[in-house]
Every structure is written in C-alpha cells, then in structure tokens.
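Encoded as structure tokens, the structure appears first; notes follow it.
The values are calculated or read from the model by the stated rules, or taken from the named source; none is laboratory data. Note that the structure is a prediction, hence the values are computed from the model and not measured. Note that each Cβ is placed from the backbone with ideal geometry, even for glycine, and that neighbours are counted across all protein chains shown. Remember, those area values only see protein heavy atoms, side chains included, never the ligands or the DNA or RNA. Shrake-Rupley method; radii C 1.70, N 1.55, O 1.52, S 1.80 Å.
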Amino acid sequence: EAGVAQSPRYKIIEKRQSVAFWCNPISGHATLYWYQQILGQGPKLLIQFQNNGVVDDSQLPKDRFSAERLKGVDSTLKIQPAKLEDSAVYLCASSLAAGVQETQYFGPGTRLLVL
Amino acid sequence: GDSVTQMEGPVTLSEEAFLTINCTYTATGYPSLFWYVQYPGEGLQLLLKATKADDKGSNKGFEATYRKETTSFHLEKGSVQVSDSAVYFCALASGGYNKLIFGAGTRLAVHP
C-alpha cells in the first residue's frame, strides 16, 4: 500500500516570497492533517480536513497560511508571504476517519528554509 | 489545554541496555496515547498505541502501558540495539477530531 506522498522534499526561499506544498494521502483516507515541526519541537497541528471540509484550523496563521483539499483527496498548503520563523518541516498525515483511536500515517515531510 | 511532557534527551545507551523514556500527559476526557518514532532522514512512524486505561501497546520489543492514575505512558525496551537510534515522540489524541498533541521528542543514541 502506498504511503502519504509529499512534494517537494526541500525548499529554500527568501522571506516575503510565497511557497506551496502538496500532499497526496493514502487512498481511501477521509481525514488529512497538516503539521508544522520546528527544529527541536514536536509537530503542531495547523489544519485538519474531513473529506474536503475543514474541521480544525485553530492554529493556522490565517493571515499568511492557506490550505485546500479539492475533491477530498490531494491537498496544498500555501504560505504567502513567508517569514523567517516559518522555517520548519511541514508534515502531512492521513487517517481513515477522525476518531481518537484512528492511526495517523505521516508523509516524509517538506523541509522549508526561509532566508 | 491538553499537553504532553516527555523526558529531555539526548539519551545515550550502550547496546543491550534497558531503555525507559518517560511521558506524562494532561488531558480532559479519555485520550488515546501513542508513541511515534522518527529515524534519521525518515518520516514519523507509529511505534505503538493504547486507547484506554491499563492497555499495553507493544511493537518491535517496545512496550508502554496507559496509566490513568499517574497520567503516564512510559516507553520501555529490555535490550536496545544500534538500529533503535532515533527520536521518539509521545502523543495524545482527544476530542472529537483526533487532533494529535505531541511532546517535544527524546533523541536516543545507542552505541555498540
């Protein structure tokens, strides 16, 4: 079974530029998550989709971050404009459903460096 | 709010030593508890989980027991190998939408 796919794997940009990340979840998984992992910290949830609807975006900096999940499958996360503090690994995860007993499967992540 | 606290690293052990990584949590309701592992250059992988009090999760020789009375989920392994060198994250999921809350991670280095 194919895992969660993410691209690109690495990205270097200047501050105030924009950047987009792509995620393809495991086939059949209804729930998709984007996490931000700053160096030396655990991942922090940015946004969670159930099919193509948002169920939690309470920690998403909405003035600069946006995300969408068209057709309930692939998702993109965008940052515009980027700040130095956005340097982190952006992880996408998916699960069959949204119950607390469900296992989340993570992709390899996109490492972003903002200069 | 809900939170997870795990012991700071790095933890450095010799091969075949006993491993304990402490994890405690604060949560309302009845969370599920997880240990994830991140090997060098790889993504997060689920190591084990427990979904209710007194459950024991186990995988690859690792074990953790969900202790509601001490709000803990300590990770143990009887004999570590060099290949166990990685960063270990304790996490909980609670509430209606399976939001994972992670600890800061503990780096384990095992030497031959």
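What single numbered condition from (1) assigned to a strand (DSSP E or B); (2) open to solvent by 30 Å² or more (accessible area, probe 1.4 Å); (3) within 13 Å of chain B (Cβ to nearest Cβ) fails to hold for residue A:78?
All conditions are met except number (3).
Among the strands (runs of 3 or more DSSP E) confined wholly to segment B:1-88, which include 3 or more residues that are away from every other protein chain (no Cβ under 14 Å)?
Passing ranges, in order: B:11-14, B:62-65, B:75-77.
Is it the case, given these coordinates, that residue A:48 is in a strand (DSSP E or B) and in contact with a Cys (Cβ under 7 Å, 6 or more places away or on another chain)?
Working: in a strand (DSSP E or B): yes; in contact with a Cys (Cβ under 7 Å, 6 or more places away or on another chain): no.
Here the answer is no, as residue A:48 does not meet what is asked.
Please verify whether residue A:59 is modelled with pLDDT under 95 and surrounded by fewer than 17 Cβ atoms within 10 Å (Cβ to Cβ), treating the condition exactly as stated.
On the way: modelled with pLDDT under 95: yes; surrounded by fewer than 17 Cβ atoms within 10 Å (Cβ to Cβ): yes.
It is true that residue A:59 is modelled with pLDDT under 95 and surrounded by fewer than 17 Cβ atoms within 10 Å (Cβ to Cβ).
Can you name the number of the only condition in (1) at the interface with chain B (Cβ under 10 Å from one of its Cβ atoms); (2) at pLDDT 95 or above; (3) open to solvent by 20 Å² or more (accessible area, probe 1.4 Å) that residue A:83 fails?
That leaves (1) as the condition not met.
Of all residues in segment A:33-45, count the ones that are free of Cβ contacts under 8 Å to residues at least 24 places away in the same chain, open to solvent by 10 Å² or more (accessible area, probe 1.4 Å) and not in a loop (DSSP other than H, G, I, E, B).
1
Could you give every pair whose Cβ atoms fall below 6 Å, whose first residue belongs to segment A:49-69 and is more than 10 Å from chain B (Cβ to nearest Cβ), and whose second residue is open to solvent by less than 30 Å² (accessible area, probe 1.4 Å) and β-branched (Val, Ile, Thr), counting only separations of at least 6 or pairs across chains?
From segment A:49-69, the pairs are A:57/A:47; A:60/A:47; A:64/A:79; A:65/A:79; A:67/A:47.
Among (1) within 18 Å of residue A:56 (Cα to Cα); (2) within 13 Å of chain B (Cβ to nearest Cβ); (3) open to solvent by less than 10 Å² (accessible area, probe 1.4 Å), there is one condition residue A:98 misses while meeting the rest; what is its number?
In the conditions (1) within 18 Å of residue A:56 (Cα to Cα); (2) within 13 Å of chain B (Cβ to nearest Cβ); (3) open to solvent by less than 10 Å² (accessible area, probe 1.4 Å), residue A:98 misses (3) alone.
Condition (residue is within 17 Å of residue A:102 (Cα to Cα), open to solvent by less than 30 Å² (accessible area, probe 1.4 Å) and small (Gly, Ala, Ser)) applied to segment B:36-50: is it met by at least one residue?
Yes: segment B:36-50 contains one or more residues that are within 17 Å of residue A:102 (Cα to Cα), open to solvent by less than 30 Å² (accessible area, probe 1.4 Å) and small (Gly, Ala, Ser).
Can you pull out the residues in segment B:90-106 that are in a strand (DSSP E or B), open to solvent by less than 10 Å² (accessible area, probe 1.4 Å), under 12 Å from residue A:44 (Cβ atoms) and within 7 Å of chain A (Cβ to nearest Cβ)? Even if it seems obvious, please write down each step before you answer.
Let us first name the residues in segment B:90-106 that are in a strand (DSSP E or B), namely B:90-94, B:99-102, B:106.
Restricting the remaining residues to those that are open to solvent by less than 10 Å² (accessible area, probe 1.4 Å) gives B:90-93, B:100, B:106.
Applying the additional criterion that residues be under 12 Å from residue A:44 (Cβ atoms) yields B:91, B:100.
Correct list: B:100 only.
How many residues, within segment A:1-32, are crowded, with 17+ Cβ neighbours inside 10 Å, out of contact with any Pro (no Cβ under 7 Å at 6 or more places or on another chain) and under 19 Å from residue B:44 (Cα atoms)?
So the answer is 7.
Could you list all residues from segment A:26-42 that are over 10 Å from residue A:94 (Cα atoms) and either hydroxyl-bearing (Ser, Thr, Tyr) or more than 8 Å from every other protein chain (Cβ to nearest Cβ) (or both)?
Hits for segment A:26-42 are A:35, A:36, A:37, A:38, A:39.
What are the residues in segment A:101-115 that are in contact (Cβ under 8 Å) with a residue 12 or more places away in the chain and within 7 Å of another protein chain (Cβ to nearest Cβ), if any?
A:102, A:104, A:106, A:107, A:108, A:109
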